[in-house]
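Below you'll find the structure, written out as structure tokens, and then a few comments.
Laboratory data are not the source of any read-out in this text; all were calculated from the coordinates shown. Bear in mind the structure is a predicted one, so any value in this text is a computation, not a measurement. Here Cβ is always computed from backbone atoms with ideal geometry, including for glycine, and neighbour counts include all displayed protein chains.
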Protein chains: 2
Amino acid sequence: MKRFSVTARSFQYDVAMGRGAWRALRESRRAGYSNIFVITEEPLWKRWGKMFLRDSGLKNARTLFVPAGENSKSLKMVGHVAARLLESGADRRALLIALGGGVVGDLGGFVASTYMRGIDFIQAPTTIVGQVDSAIGGKTGVNLGAMKNLVGAFYPPRMVVAEPIVLTSMSPRAFRSGLYEVVKHGILAGNPLFHELETKIGGMSPEDVKTLEPVLAVAAKVKVDVVNRDEREARLRLVLNLGHTFGHALEEATAYRRFTHGEAVGWGLLAVMRLGVRLKLLGGRDAARMAELVRQVGPLPRINDLDPKRVLGLLSRDKKAIGGRIQWVIPERIGRVRIVSDVRPAVAAAAFLDVQQIVLP
Amino acid sequence: MKRFSVTARSFQYDVAMGRGAWRALRESRRAGYSNIFVITEEPLWKRWGKMFLRDSGLKNARTLFVPAGENSKSLKMVGHVAARLLESGADRRALLIALGGGVVGDLGGFVASTYMRGIDFIQAPTTIVGQVDSAIGGKTGVNLGAMKNLVGAFYPPRMVVAEPIVLTSMSPRAFRSGLYEVVKHGILAGNPLFHELETKIGGMSPEDVKTLEPVLAVAAKVKVDVVNRDEREARLRLVLNLGHTFGHALEEATAYRRFTHGEAVGWGLLAVMRLGVRLKLLGGRDAARMAELVRQVGPLPRINDLDPKRVLGLLSRDKKAIGGRIQWVIPERIGRVRIVSDVRPAVAAAAFLDVQQIVLP
């Protein structure tokens with residue numbers, strides 16, 4: 001188990017990662033919380049609740065179940081959960097723990113940030129992307145109509161506890177989807193993570209915790225380092241958007257039905273590599289190694305039937321656009337990216353057409 | 001015009017107060033905002049919009065109208081305003097200015113704090129309580145059912161611009177209601193504010209800006225000082241709750257229909273003075289001077305028909321209660337209060353019965 005320290009605006013918090021990470025929650029028993037609530041999904045709780053209570057020692061924690069799926073990330077659900085907290089006697093000294101994936105973490109964090117103007121919050125992510133990325137850094141939020149995370153807050157958790165054993169509950173497809181985000185971290189961080197992924201990612205499985213745990217810890221550290229240098233999403237944090245500009249457009253173009261988020265990022269990484277090559281920012285050899293890493297994760301749903309005009313038209317709606325200009329995060333080599341805001345649409349289009357030709361195994 | 005500096009967690013901001021305060025908004029033209037929006041109520045904008053645009057120089061500001069009244073403080077309205085912002089092309093570098101009273105300020109601030117996880121926000125309060133109290137300090141929020149401000153955020157504005165000329169739009173009753181909060185600040189601050197109020201509050205009118213402006217500036221400074229010492233609501237900020245424990249109970253007991261918030265605070269001040277006297281914390285002479293100040297503001301709706309049991313039963317629902325214990329803010333003398341958490345219910349009841357006997361002019 002590793003622990004990293006993250007500097008937020010007003011306090012520091014630890015990310016505890018690895019087998020036994022939930023035991024770090026025992027510390028919160030000393031914090032004098034009036035009440036402790038776990039927001040989670042019922043099937044997850046049925047599978048892991050007992051172990052969670054045993055490891056954390058939080059015998060009196062009460063559960064708040066939310067339905068699985070993106071629909072739970074709504075203002076309506078925020079009101080619903082806040083009303084449940086109030087009924088259950090939660091005051092300003094209550095603690096909310098989010099045990100789950102991105103939906104539970106984003107919703108739970110936003111509820112915690114707004115309930116009585118903010119109660120303490122702990123992230124206990126149960127997916128790969130949660131453990132290495134989204135649970136770290138304090139981004140919370142809900143969707144408004146089709147706009148993801150339009151309403152939210154920066155609200156750092158008091159602690160992140162990432163127990164890898166729960167990843168065995170993930171479907172193979174969900175597991176692979178998380179690995180695309182790990183590949184993103186590998187490209188950002190370079191070696192030794194990149195090289196380690198090259199040798200191991202093909203055979204990774206959630207059951208093989210021994211292999212998985214150190215890789216996840218290094219991948220999480222990439223996020224921790226970025227957050228420590230720039231808690232709010234300004235220039236630096238933007239690098240985490242690598243692969244996401246094309247990725248979001250692909251998700252939107254298919255109404256969030258065809259790809260998991262990670263799969264869309266997988267394609268997004270391939271597309272932005274092509275963009276880097278076309279802009280002569282990225283050499284062919286590094287591009288090939290990066291692309292090979294994406295391919296090793298496994299099959300991606302097809303994109304060659306998509307209308308390129310539609311996908312390209314959606315690029316400019318990227319939330320990280322500034323004054324309508326897309327802020328492209330483009331790999332320059334393994335371990336280095338550059339932010340470019342003056343990419344001509346024709347070049348982005350050509351890069352996308354390049355990847356539409358790719359037939360993955 | 002006076003300016004005070006307020007230290008928030010992450011940045012400092014100015015409170016500009018007095019005739020011409022809106023001119024301070026000219027500075028925001030240099031900040032490079034992509035879009036500027038004014039959230040306000042339509043009648044207010046009809047009366048003051050032209051002057052606001054002229055003074056601020058923000059010719060391209062767009063308006064977002066919300067219906068007057070507490071019902072606008074809802075999660076539903078947050079979603080509605082966020083959707084309007086999105087339609088209008090607001091990105092992360094948009095600025096939102098709240099021109100209005102508590103409803104517009106609380107709602108606008110919460111929208112600003114959550115839209116794309118936070119855009120810049122400026123308070124342009126148009127009521128007394130807004131100008132001397134609620135627009136300063138970063139409290140924002142909406143109601144959930146009957147629970148006021150249950151969902152909200154601490155989100156300091158980038159600037160507060162308080163132009164007293166707009167107070168001439170207030171009804172006499174609303175104006176007086178604000179003065180009860182000024183009395184609260186006088187009791188907290190002591191002299192010279194208290195003495196100045198003793199000589200002037202009886203004849204104060206919104207038209208007499210010369211008399212009003214310096215009093216409001218000193219009253220606002222009381223809030224600024226408290227916020228500077230304790231941005232979040234911990235021990236120190238609690239002093240601002242003076243008169244509000246009984247006040248909130250009175251508002252709830254009458255379903256928010258009989259009293260304005262300020263009037264309830266007026267009665268709350270009288271009740272907590274009696275509590276101070278009964279606890280032998282406050283001398284009779286100071287109590288009499290404080291009570292006289294409340295009386296000079298003008299008539300208060302009756303309370304002698306209310307069931308004391310009902311009112312007293314609502315006291316413990318005060319949001320500032322800690323572990324179910326009411327944190328009483330009790331005047332000890334003019335300019336000093338004490339926080340007491342072990343007041344016996346029977347003594348609080350006796351103090352309330354005392355004020356039920358008072359017949360105001």
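Miscellaneous remarks
- Neighbour counting of Cβ atoms within 10 Å sorts the residues B:39, B:358, B:201, fewest neighbours leading, into B:358, B:201, B:39.
- Between residue A:31 and residue A:302, the C-beta separation translates, for a Förster distance of 51 Å, into a calculated FRET efficiency of about 0.55.
- In chain B, the longest principal axis of the Cα atoms and the axis of helix B:102-114 are about 50 degrees apart.
- For residue B:353 and residue B:71, a Förster radius of 35 Å and the Cβ-Cβ distance give a FRET efficiency of 0.55, rounded to the nearest 0.05.
- Segment A:1-127, relative contact order [Cα under 8 Å, separation at least 6], %: 24
- Peptide A:153-160 is shielded by partner chain Cβ atoms: per residue, an average of 1 of them sit within 10 Å of its Cβ.
- In segment A:143-221, GluC sites (Glu not before Pro) in a DSSP loop with at most 12 other beta-carbon atoms within 10 Å: A:207
- Exposure proxy order (Cβ contacts within 10 Å, fewest to most) of A:74, A:113: A:74, A:113
- For segment A:2-168, a crude dipole built from +1 on the beta carbon of Lys and Arg and -1 on the beta carbon of Asp and Glu, taken about the Cα centre, is about 420 debye to the nearest 20.
- Summary of the geometry: segment B:323-353 and segment B:174-192, compared by the centres of their Cα atoms, lie 19 Å apart.
- Taking a sphere under 11 Å around the Cβ of residue A:158 and counting the other residues whose Cβ falls inside, with K and R at +1 and D and E at -1, yields a net charge of -3.
- Estimated FRET transfer efficiency (residue B:210, residue A:62; beta-carbon r; R0 56 Å; 0.05): 0.45
- Here the relative contact order of segment B:60-206, from alpha carbon pairs under 8 Å that lie six or more residues apart, stands at 19 percent.
- Fewest neighbouring Cβ atoms within 10 Å first, the residues A:260, A:127 line up as A:260, A:127.
- Helix A:261-278 and the longest principal axis of the Cα set of chain A meet at an angle near 30°.
- The trypsin sites (Lys or Arg not before Pro) of segment B:25-124 meeting both criteria, a DSSP state outside H, G, I, E and B (loop) and at most 11 other C-beta atoms within 10 angstrom of the site's C-beta, are B:59.
- Relative contact order (percent, whole number), chain B, Cα cutoff 8 Å, 6+ residue spacing: 15
- Interatomic Cα distance distribution for segment B:137-197, bins of 10 angstrom, percent: 18, 25, 47, 10, 0
- Rounded tilt (10° steps) of B:172-189 against the dominant C-alpha axis of chain B: 70
- Per the Debye formula on identical point scatterers at the alpha carbon atoms of chain A, with no solvent, log10 I(q)/I(0) at q = 0.11 Å⁻¹ is -0.72.
- DSSP-loop trypsin sites (Lys or Arg not before Pro) across segment A:267-349, with at most 14 other Cβ within 10 angstrom: A:280, A:302
- Distance between modelled label sites at residue B:340 and residue A:257, nm, 7 Å Cα→Cβ extension: 6.7
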